[in-house]
């Protein structure tokens with residue numbers, strides 16, 4: 001049984017597998033070299049030779065227990081024909097959401113546009129380096145994708161004033177997102193992804209009263225779908241105030257917590273396996289601090305099924321040597 005499955009399915013507490021969000025990326029010099037030669041981010045994600053190579057880069061350097069495919073949650077709007085580009089020092093910029101055009105897209109059109117993501121997963125999952133490790137596929141949660149598709153850029157902590165004005169647009173878009181995310185999940189699993197993580201990067205933007213309609217119900221639909229494929233599903237509703245309530249309503253197989261949640265509270269209130277939590281800024285400090293902070297999480301969760309990870313993605317300015325030290329600390333625990 002693969003390392004993450006032992007924790008998620010068997011509820012094993014005798015060891016803590018480790019992988020890190022954004023482990024394939026900007027802090028690695030070998031990634032920066034590829035990125036320099038490939039300035040168009042979407043094209044890079046859709047180059048299955050390079051994206052599979054990038055996915056495996058951290059596995060060649062560090063003793064990690066899983067690979068996560070180098071891709072992006074915005075492959076969904078891209079596959080639906082909405083314009084998606086990434087601007088340096090700005091982030092994603094999306095074209096106007098044209099519902100009348102998106103409605104015409106069918107499964108074949110969508111798969112054709114993003115098929116190289118599935119080819120990359122196939123290459124990665126069949127690579128000998130992943131012999132006894134997990135291959136993680138992922139999607140953006142419906143709410144976060146809705147935010148990007150309507151807002152057309154990163155909301156940076158607050159929504160447009162009139163965001164909820166057009167409820168017809170919102171409901172139709174959510175229904176399309178649900179349909180195509182299931183197609184996207186199925187194709188990732190069919191090509192070797194043996195865990196799916198759902199990233200809800202903007203879960204923290206909503207008020208409590210809006211959580212059931214925009215987070216709980218839409219995410220539950222996808223969680224149940226992943227479970228129907230007999231693959232474990234991890235949710236990361238970043239910034240959500242009530243992780244306990246999320247877990248009780250959505251019931252994923254595991255939950256990734258962010259660094260604002262007190263791990264002592266998490267271990268008391270969350271019944272399912274937990275992943276993550278460590279502040280990525282800890283990796284910008286020194287070895288002593290890294291050891292102290294990592295050990296804190298490992299001690300708190302020592303009797304709870306726990307996968308070591310961060311409470312957000314690894315920062316671009318992280319020293320790979322510090323990353324390596326973190327991995328070693330967890331493995332030696």
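So, in the stretch 142-186, exactly how many residues are within 17 Å of residue 207 (Cβ to Cβ) and in contact with a strand residue (DSSP E or B) (Cβ under 6 Å, 6 or more places away or on another chain)?
Counting residues in the stretch 142-186 that are within 17 Å of residue 207 (Cβ to Cβ) and in contact with a strand residue (DSSP E or B) (Cβ under 6 Å, 6 or more places away or on another chain) gives 0.
Specify the residue that is surrounded by the most Cβ atoms within 10 Å (Cβ to Cβ); the eligible residues are those in the stretch 260-270 that are part of a helix (DSSP H, G or I) and out of contact with any strand residue (DSSP E or B) (no Cβ under 7 Å at 6 or more places or on another chain).
Once the filter is applied, the top-ranked residue is 263.
If I filter the stretch 129-138 for residues that are touching a helix residue (DSSP H, G or I) at 6+ places or on another chain (Cβ under 6 Å), under 19 Å from residue 42 (Cβ atoms) and surrounded by 13 or more Cβ atoms within 10 Å (Cβ to Cβ), do I get at least one hit?
So far as the stretch 129-138 goes, yes, one or more of its residues are touching a helix residue (DSSP H, G or I) at 6+ places or on another chain (Cβ under 6 Å), under 19 Å from residue 42 (Cβ atoms) and surrounded by 13 or more Cβ atoms within 10 Å (Cβ to Cβ).
From the set of residues in the stretch 2-19 that are assigned to a loop (DSSP other than H, G, I, E, B) and in contact with a strand residue (DSSP E or B) (Cβ under 6 Å, 6 or more places away or on another chain), which is farthest from residue 50 (Cα to Cα)?
Checked the stretch 2-19; the qualifying residue farthest from residue 50 (Cα to Cα) is 16.
Given the criteria modelled with pLDDT of 95 or more, part of a helix (DSSP H, G or I) and surrounded by fewer than 20 Cβ atoms within 10 Å (Cβ to Cβ), does residue 144 qualify?
no
Any residue in the stretch 84-94 that is modelled with pLDDT under 95, more than 20 Å from the chain's Cα centre (by Cα) and either surrounded by 19 or more Cβ atoms within 10 Å (Cβ to Cβ) or assigned to a strand (DSSP E or B) (or both)?
For the stretch 84-94, residues modelled with pLDDT under 95, more than 20 Å from the chain's Cα centre (by Cα) and either surrounded by 19 or more Cβ atoms within 10 Å (Cβ to Cβ) or assigned to a strand (DSSP E or B) (or both): present.
Among the residues of the stretch 275-282, is any over 13 Å from residue 308 (Cα atoms) and either in contact with a strand residue (DSSP E or B) (Cβ under 6 Å, 6 or more places away or on another chain) or in a loop (DSSP other than H, G, I, E, B) (or both)?
no
Among the residues of the stretch 1-12, which ones are surrounded by 15 or more Cβ atoms within 10 Å (Cβ to Cβ) and touching a residue at least 40 places away in the same chain (Cβ under 8 Å)?
Across the stretch 1-12, the qualifying residues are 2, 3, 4, 5, 7, 8, 9, 12.
Given the residues 280, 316, 273, which is the only one that is under 30 Å from residue 71 (Cβ atoms), modelled with pLDDT of 95 or more, under 20 Å from the mean Cα position of the chain (by Cα) and crowded, with 20+ Cβ neighbours inside 10 Å?
273
Is there a residue in the stretch 245-259 that is under 17 Å from the mean Cα position of the chain (by Cα), in a strand (DSSP E or B), without any contact (Cβ under 8 Å) to a residue 40 or more places away in the chain and under 28 Å from residue 73 (Cα atoms)?
Yes, the conditions are met somewhere in the stretch 245-259.
For residue 61, work out the one condition from (1) crowded, with 16+ Cβ neighbours inside 10 Å; (2) over 20 Å from the mean Cα position of the chain (by Cα); (3) touching a residue at least 24 places away in the same chain (Cβ under 8 Å) it doesn't fulfil.
Checking residue 61 against (1) crowded, with 16+ Cβ neighbours inside 10 Å; (2) over 20 Å from the mean Cα position of the chain (by Cα); (3) touching a residue at least 24 places away in the same chain (Cβ under 8 Å), the one that fails is (1).
Please determine whether any residue of the stretch 166-180 is under 18 Å from the mean Cα position of the chain (by Cα), surrounded by fewer than 23 Cβ atoms within 10 Å (Cβ to Cβ) and more than 20 Å from residue 95 (Cβ to Cβ).
There is at least one residue in the stretch 166-180 that is under 18 Å from the mean Cα position of the chain (by Cα), surrounded by fewer than 23 Cβ atoms within 10 Å (Cβ to Cβ) and more than 20 Å from residue 95 (Cβ to Cβ).
Considering only residues that are part of a helix (DSSP H, G or I) and in contact with a helix residue (DSSP H, G or I) (Cβ under 7 Å, 6 or more places away or on another chain), which ones fall in the stretch 155-169?
169
Quick check on the stretch 99-114. Is at least one of its residues touching a helix residue (DSSP H, G or I) at 6+ places or on another chain (Cβ under 7 Å), part of a helix (DSSP H, G or I), touching a residue at least 60 places away in the same chain (Cβ under 8 Å) and within 23 Å of residue 314 (Cα to Cα)?
Within the stretch 99-114, none of the residues are touching a helix residue (DSSP H, G or I) at 6+ places or on another chain (Cβ under 7 Å), part of a helix (DSSP H, G or I), touching a residue at least 60 places away in the same chain (Cβ under 8 Å) and within 23 Å of residue 314 (Cα to Cα).
Quick check on the stretch 198-211. Is at least one of its residues in a strand (DSSP E or B) and crowded, with 18+ Cβ neighbours inside 10 Å?
yes
Regarding residue 185, is this residue at negative phi and either assigned to a helix (DSSP H, G or I) or surrounded by fewer than 17 Cβ atoms within 10 Å (Cβ to Cβ) (or both)?
When the stated conditions are applied, residue 185 passes them.
Taking residue 234 and the conditions (1) crowded, with 21+ Cβ neighbours inside 10 Å; (2) part of a loop (DSSP other than H, G, I, E, B), which numbered condition does it fall short on, given that it satisfies the others?
Condition (2) is where residue 234 drops out.
The values are calculated or read from the model by the stated rules, or taken from the named source; none is laboratory data. For clarity, every value in this text was computed on a predicted model and none was experimentally measured. Ideal geometry is used to build each Cβ from the backbone, glycine not excepted, and the neighbour counts take in all protein chains shown.
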